[in-house]
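First comes the structure, then the notes that go with it.
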Amino acid sequence: AQKITQTQPGMFVQEKEAVTLDCTYDTSDPSYGLFWYKQPSSGEMIFLIYQGSYDQQNATEGRYSLNFQKARKSANLVISASQLGDSAMYFCAMREGNNAGNMLTFGGGTRLMVKP
Amino acid sequence: EPEVTQTPSHQVTQMGQEVILRCVPISNHLYFYWYRQILGQKVEFLVSFYNNEISEKSEIFDDQFSVERPDGSNFTLKIRSTKLEDSAMYFCASRVPRDRGQVNEQFFGPGTRLTVL
């Protein structure tokens, strides 16, 4: 089974509107962390936001927020007031608490395209 | 702001040749990682490295791969005999030790695009 699933290969959003990128995860470890990274066309991976499994509140970082629904095992990224510069690939990733190297497992990504 | 750097940005090699990809992690980071991303696919974990030894590796990281921290700053990935399917973007990442209450995200370098002909 896939540990991280991103069901939207591509998404369009109108500039200045909000958009939600879906991410579901699968783990039996009670301690885990969920990350979102942005990958623009230049290729680098940019950290956006983090949600810990024990965090009581949804994470927010500027225009980014994470809609964390633990019972559903989902960690959707919400981008408010989309900008043209938000056009990129977005990857959801998970770090499970017991892996010694604390490696990240990535989903397949969602390509977001912001329309002017 | 400190950042992870990688060289070269693009490497082209012939099948069967050895390549060494270089990374300079952020100076106070202690955990180091290599990931790869085949064109159009997801990012895949290769190996993690801590305290001068491998702490975890994936099934992709077979005997053709090795990592080394030859000095206090560089972290290298060597592929002994490249195959066509090794063509990918290779990312180095690093992070600080995990502390309670901190995010401890991995900071990624810009990547090295490896093309095996």
- To one decimal place, what orientation-averaged projected area in nm² is obtained for the convex hull of the Cα set of region A:7-86? 5.8
- Of all alpha-carbon pairs in the protein assembly as shown, indicate the percentage at a distance above 23 angstrom. 49
- Query: Measuring with a 1.4 Å probe in the full set of protein chains, what accessible area per residue, in whole Å², belongs to the protein assembly as shown?
  - Reply: 49
- Item | Sorted peptide list for B:52-58, A:21-27, criterion being average Cβ within 10 angstrom, highest first | A:21-27, B:52-58
- Message: Semi-axes of the equivalent ellipsoid for region B:24-93, please: Cα gyration tensor eigenvalues, times 5, square-rooted, ordered largest first, whole Å.
- Response: 21, 13, 11
- Task: Measure off, as a whole percent, the carbon and sulfur share of the 1.4 Å-probe accessible area of chain A, all protein chains present.
- Result: 49
- Message: In square angstrom and rounded to 100, what buried accessible area do you get between chains B and A, total over both, with the probe at 1.4 Å?
- Response: 1800
- Taking 7 Å along the Cα-to-C-beta vector as the label spot, tell me the B:Glu18-A:Thr7 distance in nanometres, rounded to one decimal. 4.9
- Item | Rough spin-label spacing in nm, given labels placed 7 Å along Cα→Cβ, for B:Glu3 and B:Asn51 | 3.3
- In whole percent, what relative contact order does chain A give with Cα contacts below 8 Å and a gap of six or more residues? 37
- Alpha carbon centroid spacing (whole Å) that separates region A:36-103 from region A:1-23: 11
- Query: What is chain B's relative contact order, in percent, from Cα pairs under 8 angstrom and six or more apart in sequence?
  - Reply: 38
- Message: Using the Cα centre of region A:1-91 as the reference point, and only Cβ charges (+1 on K/R, -1 on D/E), how large is the resulting charge dipole? Debye, rounded to the nearest 20.
- Response: 160
- Item | P(r) histogram, all alpha-carbon pairs of chain B included - 10 Å bins from 0, percent | 14, 48, 30, 6, 1
- Relative contact order for region A:1-58, counting Cα pairs under 8 Å that sit 6 or more residues apart, in percent: 27
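The values are calculated or read from the model by the stated rules, or taken from the named source; none is laboratory data. Since the model is a prediction, treat every value here as computed from it, not as a measurement. Every residue, glycine as well, gets a Cβ built from its backbone with ideal geometry; the counts of neighbours run over all protein chains shown. SASA here: full protein model, heavy atoms, side chains in, ligands and nucleic acids out. Shrake-Rupley method; radii C 1.70, N 1.55, O 1.52, S 1.80 Å.
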